[in-house]
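Each remark here refers to the structure printed beneath this line.
The values are calculated or read from the model by the stated rules, or taken from the named source; none is laboratory data. What you are looking at is a predicted structure, and each value in this text was computed from that prediction instead of being measured. No Cβ is skipped: glycine too gets one built from the backbone with ideal geometry, and neighbour counts run over all protein chains shown. For the accessible areas, the whole protein counts, side chains as well, though only heavy atoms, and no ligand, DNA or RNA atoms are used. Shrake-Rupley method; radii C 1.70, N 1.55, O 1.52, S 1.80 Å.
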Amino acid sequence: MPLTILACSGGDISAHKTACISRSAKCPDQEAACFREAAKEDFMKPRMNPLLAAGLLAALLQGEIRQAEAADCPFADWRTYKNTELRRTADHKAYFWITSRTAIDADGAPRAYHPDDVGKPCGATGAGLDCPANAGYPNKSWWPTVLAVDPADPGKAFVQPSGPAQGFFVSKTALQDSANGNERETLRYVDASTIPYVVFPRPFFQLAGTGKLGDLGIAYHLQTQKKTAFIVADIGPDEPLGEGSIALFQALGGNNPNPRTGGGVASGKVLYLVFPRSVDQRARKWPMTPAQIDQAVETLLGTIGGESVLQTCASSG
């Protein structure tokens, strides 16, 4: 190989050019060949597209960020319930799940169900917030678990004789004020229209470690970034997780959530974080005001790192 070509080996095209020019005085007839060889060698070198390189770098950085966030989330894999993964703290004092499923519960609201809706199709509107058929009334054997029974006629639901919701059935929740012995008093129950609460499917409620009625928690909507403290107030059928009160979905960014149709909720995923057995820290399970629920949940959140843990665990979940 001519001396000029040897001088061009190694380095990039600019280095090749410099070498060729420096040698051209000694071997001018080889200058053109040197440049051709230099260009060919430079072209054959493996290169990475700048956009591809930037994308790979961004992916690597994102992976590192996710790993850091996961390290900051004090929860580990626990179990799966109906295809929903649950994660729990090492001391078993808190757990969470994330789901996009929603089901709106009107139970406990004084105006939940009305006799005028009995036997009618469950349309978007009616006298009550929800349809009596959704309470199992009058054809299902389990309706007395949702509606108070009329003592004068045990085959029928009791109708409120007076008060702001006069004429409506008395709708019940599983969580009740044990100090109020009147089953036909609406104040005994948790009002779905004013209290954010979640519903545990019965099989889930029966699992060890999921908690009790009256336990507290917080829900965080990943898209609207709105959050609300809640109480576990009702037991539902064998369904996936994701059922909650009207007030809960309203607080998470909903617009007049409708138990009849399931509409009016903000779309997207919600993180539900529960503090099992937190009810044991109170002398009475119920009643509680929304302010009392908020304050109690704020204290509980402090034991696992505060509200920031919601976003951290939502990113790593």
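Mind listing just one residue for me: the one in the range 85-135 that is assigned to a loop (DSSP other than H, G, I, E, B) and β-branched (Val, Ile, Thr) and, of those, surrounded by the fewest Cβ atoms within 10 Å (Cβ to Cβ)? Talk me through it step by step, then tell me what you get.
Of the range 85-135, the ones assigned to a loop (DSSP other than H, G, I, E, B) are 89-94, 100-102, 106-114, 118-131.
Narrowing further to those that are β-branched (Val, Ile, Thr): 89, 102, 118, 125.
On the way: Thr89: 18, Thr102: 21, Val118: 17, Thr125: 9.
Among them, the one singled out is Thr125.
Of the residues making up the range 192-213, those that are within 21 Å of Val270 (Cβ to Cβ) and in contact with a helix residue (DSSP H, G or I) (Cβ under 8 Å, 6 or more places away or on another chain) are Ala192, Ser193, Thr194, Ile195, Pro196, Tyr197, Val198, Thr210, Gly211, Leu213. Considering only residues in the range 232-275 that are outside any loop (DSSP other than H, G, I, E, B) and out of contact with any strand residue (DSSP E or B) (no Cβ under 7 Å at 6 or more places or on another chain), the one that is farthest from Gln176 (Cα to Cα) turns out to be Gln250.
The set of residues in the range 68-84 that are part of a strand (DSSP E or B), out of contact with any Asp or Glu (no Cβ under 9 Å at 6 or more places or on another chain) and crowded, with 16+ Cβ neighbours inside 10 Å comprises Tyr81, Thr84. Could you list, in sequence order, all residues of the range 273-317 that are within 12 Å of Val232 (Cα to Cα) and among the small types (Gly, Ala, Ser)? The one that is within 12 Å of Val232 (Cα to Cα) and among the small types (Gly, Ala, Ser): Ser278.
When Gly209 is tested against the conditions (1) on the phi < 0 side of the Ramachandran plot; (2) touching a residue at least 60 places away in the same chain (Cβ under 8 Å), the lone failure is (1). Quick one: in the range 60-89, of everything that is over 21 Å from Ser100 (Cα atoms) and among the acidic types (Asp, Glu), which residue is modelled with the highest pLDDT? Applying the filter and picking the extreme gives Asp72.
Determine whether Val265 is open to solvent by 30 Å² or more (accessible area, probe 1.4 Å), out of contact with any His (no Cβ under 9 Å at 6 or more places or on another chain), of a type in the set (Val, Ile, Thr) and more than 30 Å from Asp150 (Cα to Cα). Reasoning before the result, please.
On the way: open to solvent by 30 Å² or more (accessible area, probe 1.4 Å): yes; out of contact with any His (no Cβ under 9 Å at 6 or more places or on another chain): yes; of a type in the set (Val, Ile, Thr): yes; more than 30 Å from Asp150 (Cα to Cα): yes.
Yes; evaluated as a whole, the condition is true for this residue.
Report, by residue number, each residue of the range 163-191 that is in a loop (DSSP other than H, G, I, E, B) and under 22 Å from Thr102 (Cα atoms).
Listed by number, the residues that qualify are Lys172, Thr173, Ala174, Leu175, Val190, Asp191.
From the list Leu216, Leu271, Leu310, Leu252, the lone residue that is open to solvent by less than 30 Å² (accessible area, probe 1.4 Å), free of Cβ contacts under 8 Å to residues at least 40 places away in the same chain, out of contact with any Gly (no Cβ under 6 Å at 6 or more places or on another chain) and under 20 Å from Tyr95 (Cβ atoms) is Leu252. Checking each residue in the range 136-159 for being more than 20 Å from Leu175 (Cβ to Cβ) and in a loop (DSSP other than H, G, I, E, B) picks out Tyr137, Pro138, Asn139, Lys140, Ser141, Pro151, Ala152.
For the range 278-305, a residue qualifies if it is within 27 Å of Glu185 (Cα to Cα), hydroxyl-bearing (Ser, Thr, Tyr) and outside any helix (DSSP H, G or I), and exactly one does: Thr289. Residues that are under 30 Å from Ala179 (Cβ atoms), open to solvent by 30 Å² or more (accessible area, probe 1.4 Å) and either in contact with a Phe, Trp or Tyr (Cβ under 7 Å, 6 or more places away or on another chain) or assigned to a strand (DSSP E or B) (or both) do not occur anywhere in the range 192-207.
Of the set (1) of a type outside the set (A, V, I, L, M, F, W, C); (2) open to solvent by 20 Å² or more (accessible area, probe 1.4 Å); (3) closer than 30 Å to Pro121 by Cα, all apply to Ser245 but (2).
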